[in-house]
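What follows is a short report on a single structure.
The values are calculated or read from the model by the stated rules, or taken from the named source; none is laboratory data. Because the structure is predicted, anything quoted here is derived from the model rather than measured. Here the Cβ positions follow ideal geometry from the backbone for every residue, glycine too, while neighbour counts run over all protein chains shown. Heads up: the accessible areas ignore ligands, DNA and RNA and are worked out on the full protein's heavy atoms, side chains in. Shrake-Rupley method; radii C 1.70, N 1.55, O 1.52, S 1.80 Å.
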Amino acid sequence: MEGTSEILEQAIEELAKLPGTGRKSARRIALYLLKQNDESVIKLAEALVSLKKSITRCSTCGVISDGDPCSICQNAKRQTGQICVVEESQDVFLIEKTNEFRGRYHVLGGVISPLDNIGPDDVRIKQLMQRINDEDEEINEIILALNPDSEGEATSYYINKLLKPFDEVEVTRIAYGIPMGTELEFIDEATLGRAFASRNTF
């Protein structure tokens, strides 16, 4: 189309790849950035480059972090006997906002999904079992806080089955105050907090 900028169109095309952002929203963001002063845009660009290059994952729990180990794993005040198993790092951030849980986490980095060719070896279940077998951690409770959909349920049942031989480890799950099919990121903090506080034995 005549009269348009190829550079602007390229920026719109890249912005439109962001989740929940269509071409209309991407164009609005690109035009907004164009109006900002150089310093603001450069700060944003530097923050995005730093996000990609500097952020790491905790080798213990798998959460996105500035350092390894993460601040949660390093915190001596956290209850070492409890591990909350979640799908992604964003679930850790949501649970932390509730102030209901003072243990530690294990981020699977996904869930078992045969339709997407994702099996148990493709998520961090093996690392979870290594933590449970580690005498230094002395785990006595595994809390399953996965999304209440078919993939989350399948992953929860798989983990529960693996933990059956460990008599000293209690397996619990967050209560079903959350509607089936709803992802944790869309649940308000109060509902998530109540569900976490009233978790049940698996």
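For segment 82-108, which positions are more than 22 Å from Phe186 (Cβ to Cβ) and open to solvent by 10 Å² or more (accessible area, probe 1.4 Å)? Result: Gln82, Arg102, Arg104. Under the condition of being part of a loop (DSSP other than H, G, I, E, B), closer than 22 Å to Phe202 by Cα and either under 12 Å from the mean Cα position of the chain (by Cα) or not small (Gly, Ala, Ser) (or both), the residues counted in segment 48-89 number 5.
Being open to solvent by less than 60 Å² (accessible area, probe 1.4 Å), within 19 Å of Ser89 (Cα to Cα) and either in contact with a strand residue (DSSP E or B) (Cβ under 6 Å, 6 or more places away or on another chain) or not small (Gly, Ala, Ser) (or both) holds for only one residue in Glu151, Glu137, and it is Glu151.
Candidates in segment 109-134 are the residues that are among the hydrophobic types (A, V, I, L, M, F, W, C) and under 20 Å from the mean Cα position of the chain (by Cα); of these, the one that is most open to solvent (accessible area, probe 1.4 Å) is Ile118. Pairing each residue of segment 144-156 that is among the acidic types (Asp, Glu) with any residue that is open to solvent by 30 Å² or more (accessible area, probe 1.4 Å) and not in a helix (DSSP H, G or I), provided the two are 6+ apart or on different chains, yields C-beta distances under 8 Å for Asp149/Met180; Asp149/Gly181; Asp149/Glu183. Which residue pairs have Cβ atoms under 8 Å apart, sit 6 or more places apart or on different chains, and have a first residue in segment 31-45 that is of a type in the set (Ser, Thr, Tyr) and a second that is open to solvent by 80 Å² or more (accessible area, probe 1.4 Å)? Once the first residue is of a type in the set (Ser, Thr, Tyr) and sits in segment 31-45, no partner that is open to solvent by 80 Å² or more (accessible area, probe 1.4 Å) comes close enough.
Taking the listed residues Lys24, Lys53, Lys17, the one that is open to solvent by 90 Å² or more (accessible area, probe 1.4 Å) and modelled with pLDDT under 95 is Lys53, with no other qualifying. For Gly20, the criteria (1) among the small types (Gly, Ala, Ser); (2) in contact (Cβ under 8 Å) with a residue 12 or more places away in the chain; (3) assigned to a loop (DSSP other than H, G, I, E, B) hold in every case but one, which is (2).
When you check Glu87 against the structure, is it of a type in the set (Asp, Glu) and in contact (Cβ under 8 Å) with a residue 60 or more places away in the chain, yes or no? Taking the combined requirement at face value, the residue satisfies it. Do the conditions hold for Arg173, that is, is it open to solvent by 30 Å² or more (accessible area, probe 1.4 Å) and on the phi < 0 side of the Ramachandran plot? Yes; evaluated as a whole, the condition is true for this residue.
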